[in-house]
Amino acid sequence: MMAGDGGHGSIRLVEERCTSCMLCARECPSWCITIDSHTEPVPDLPPGTRERTQNVLDRFEIDWSLCMYCGICVEECPFDALAWEPAHTAAAPSALTLRHGIGELKGTNR
Ligand code: SF4
Ligand code: SF4
């Protein structure tokens, strides 16, 4: 799996690599990962090809108030869609605001 990039402060989601396979959520010992997805037909298949579907990620959340920073999710992801990030999650006024979604986990809403 992908090695960390210098620190274990928090976890980054590489959204385009995530297939919504749920493995990280199932293996997380704290049950602090929430994933929602739906399926859509794969576009632009060659004519005559049987229709296929793909998962589309709707929600990916980590609840930092429950995370133990064990790294199991990073290690278990078969698609290298999770990686350690050196920056720590900022302190929050309540546990509710420690639930970070796709924007925060991609580093775009920090
Ligand atoms: S680091 Fe461990 S506790 Fe935190 S989200 Fe990943 S598997 Fe769960
Ligand atoms: S294990 Fe990886 S690909 Fe599967 S849902 Fe988790 S982050 Fe996405």
In nm², the average projected area of the convex hull spanned by the Cα atoms of the chain is 7.7 nm²
Could you give me the ³J(HN,Hα) list for the range 45-52, computed from phi with Karplus coefficients 6.51, -1.76, 1.60 and θ = phi - 60°, whole Hz, x at Gly and Pro? 6, x, x, x, 6, 5, 4, 10
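Every read-out reported here was derived from the displayed coordinates using simple, explicitly stated rules and does not represent laboratory data. Remember, predicted model here, so these are calculated numbers, not experimental data.
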